[in-house]
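Values in this text are rule-based calculations from the coordinates and carry no lab data. Computed from a prediction, not measured in an experiment: that's the story for all the values here. Heads up, the Cβs are rebuilt from the backbone with ideal geometry, glycines too, and the neighbour counts pull from every protein chain shown.
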Amino acid sequence: MNDSTQFDAARQARRITEQAVSWYIEQQEPLSERQRVAFLNWLRASPRHVAEYFAVAQMHGDFKAAAILKTITAEELVERAGRDSPVVMFPLMGSAIAKEHRPRTGRARRVAARTAGLVAAVLMAWLGVGYWREANGRVERSFQGDTAAVRSVTLPDGTLVQLDQNSRIDVHFDGRFRRIEVVRGNALFDVGKDAKRPMLVHVGGHVLQDIGTVFDVKREAGGDTLTVISGHVRVLNALDASHKDEFASLLDGIAVADLTAGQQISLNVAGVSTKQPAQIARATAWLPSEIRFQHETIGNVARRFNAYTSKPLVIENESIADERISGIFHADNPQAFAAYLSTLPDVRVVEERDRVRIVASSRTATKDGSM
């Protein structure tokens, strides 16, 4: 598939997602007869329309609809949509349909297996965080990417790391610093907040000092590349290994570059290149094209979207951030996810020049007291 075909396919996928979100919003109020006919025609146009609409509905916690989808085909859903009110079809599916029991298809079994895998991964991550906390914040551990897929790791400080296939990082946390060494491959970081312990990422002969950001590191034989997705990263020369107290003096290294959102730099033994505008889509092309989540908090899902855009989603209300949702979205379309969030009760989306704020539509206080 050439670049033009891929672009057209991605644009079409985004359009379908946006249409599904729009139809879901429309159905919060009774549809007119004209709207009902238009909605049914849209569903009949493609099984992908059914799947995308269902994904949006599922994210509102419509688990009955999820169970039903596993037992009937998209064609049957469309056929039933012609008989039933579309307002009832997904969010409040009729009890007569729910009573039917059919053996799962091979596709349904695969979906169930993937869901079980996601749940197991979340459980393993939670247990790992619990273990690290018992060690009083000290972490000495290596992580390696899977052989056939991107691996996500959540560290005990809340840092989210995504590892490309066969990539590796070494994690060293103590009472003074949070240090991570990128040993090989591609790693993307969304750094957790810990004002008392700076985050320092070692890349060859350089140290990256995080100042609240999302950034990508790529290590290759010919040199390394740093791409800042959002926020600010400072590049320091690493101290000589013979330094008496290397770790205590890490922040004393000479700063050789400061990067902000949308900037990229090359690093090698000779030094650093001049800063260049980054092509975010190319830098993150190794990440999954879809974001899939099962009973995950809105805050964590938003962070996963922020790996793909220099205009991050900022969830400012704790109750919104902690709400759990399930679904699938195209990773390069955070606008569709923001549109979905705007359909939730008491949620308001505020788009600004450098970020998209998700706030409570009522006067509920946010984390920092702002609205």
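Here are the numbers:
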{"quantity": "Modelled FRET efficiency - R0 30 Å, Glu323 with Ala285, Cβ distances, 0.05 increments", "calculated": "0.45"}
{"quantity": "Sites Arg14 and Asp170 - FRET efficiency at Förster radius 35 Å, r taken between beta-carbons, to 0.05", "calculated": "0.40"}
{"quantity": "Cα-Cα over 25 Å, subset of Lys218/Lys311; Lys218/Lys275; Lys196/Lys218", "calculated": "Lys196/Lys218"}
{"quantity": "Stretch gain in nm, segment Asp146-Ile25, where the contour uses 0.36 nm per residue and the Cα spacing is subtracted", "calculated": "39.7 nm"}
{"quantity": "Net lengthening on full extension, Asp194/Arg234 (0.36 nm per residue, minus Cα-Cα)", "calculated": "12.7 nm"}
{"quantity": "Lys, Arg +1 and Asp, Glu -1 on Cβ, resulting dipole of the range 268-371 about Cα centre, debye, nearest 20", "calculated": "300"}
{"quantity": "Arg348-Ala270 pseudo-label distance in nm [points 7 Å out on the Cα-to-Cβ vector]", "calculated": "5.4"}
{"quantity": "The range 200-352, relative contact order [Cα under 8 Å, separation at least 6], %", "calculated": "18"}
